[in-house]
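Please treat every number below as a calculation from the coordinates, not as lab data. Worth saying up front: this structure is predicted, and the values here are computed from it rather than measured.
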Amino acid sequence: MKTSSTAPQPSARRIDRGNVTDRVLDDLSQRILSRQFVHGQKLPAERELVEEYGVSVATIREAIRGLSSAGLVEVKHGKGAYVTVRADELIANSLRSTIQLERIGIAQVLGVHGALNTYAAELAAARATEQEVDTMQQALVAVDQAVSPEEIADGLTRFLNALVTASGNPLLVALCRFLASMQIGLAREIQGKRFEAWRKTAGRLSKERQRIVDAIRAGDVEGARAAARAYHERSLKVITALPNAAGPLISDPAISMLFTSLLKDRSNPA
């Protein structure tokens, strides 16, 4: 007579033997990335995970440490592990690693950013709302009226982020937001806090930025593409022609520190 084995409870997630910690880590990672656990949510307590996976406390703790190292959770002493991952942070970490590993230079970073923003401008011209275009225009006004390097940098960041947000493409938004922060961060490294230098550099590109906004407001896809391409080509020339811009690769120590500070800023928004 054939006997049937007892099936595990639906809530159980038994892990096959092998590298048990890696398997638990991979399963928890997938649950986070599939939004079973969402940003800000606390993971189940250790004892619950022990019971759910059928492994030891040590295995669960090692898996949680792996999640923390990957930037997926933050462990708060005495409180547990909380999901902290955001899509743009995952992309930022991957881009940082690629740029540093491949020793990618400033011109290459700006070139990719320009190509993506050109595509974003095309999409924005086809679908941007009046409010989104107004947000871009307000950012340009803020740049023109700025009285400090910080205000200029903030206005430029707002403009670039508003442009890509208007594209309606989440992947493009995540990629371009990081690259925009990289571009502005590099400008800070190169120009320092000299307001006149910032104002002169920003002013040289003012007309090109305005042409992008005008084309998007008019719904002119071809015009937006051409304006964005012209802006980024000129931007590349302007930035790489600045004093101190000719030398460093992204992988140099000073620029590596910049990457770290950018990622901290993104993880702890004001």
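Below 8 Å, C-alpha to C-alpha, sequence gap of six or more: please give me the relative contact order for the range 157-224 in percent.
Details: 25 pairs, mean separation 12.8, N = 68.
It comes to 19 percent, rounded to a whole number.
Converting the Cα gyration tensor eigenvalues of the range 18-125 into ellipsoid dimensions via √(5λ) gives semi-axes, longest first, of 36, 16, 12 Å.
For the range 172-216, the ratio of Cα radius of gyration to the globular rule of thumb 2.2 N^0.38 Å stands at 1.35. Take the Cα coordinates of the range 88-210, assign each an equal point scatterer, and use the Debye formula without solvent to give log10 I(q)/I(0) at q = 0.13 Å⁻¹. Ignoring solvent entirely, the Cα scatterers give -0.53.
Given axes a ≥ b ≥ c from the Cα gyration tensor, I'd like to know whether the range 20-83 is rounded (a/c under 1.5), prolate (a/b larger than b/c) or oblate. Spell out each step's value before the answer.
On the way: a/c = 1.43, a/b = 1.20, b/c = 1.19.
The shape class here is rounded.
Dividing the mean sequence gap of close Cα pairs (under 8 Å, 6+ apart) by how many residues the range 20-83 holds gives a relative contact order of 42 percent.
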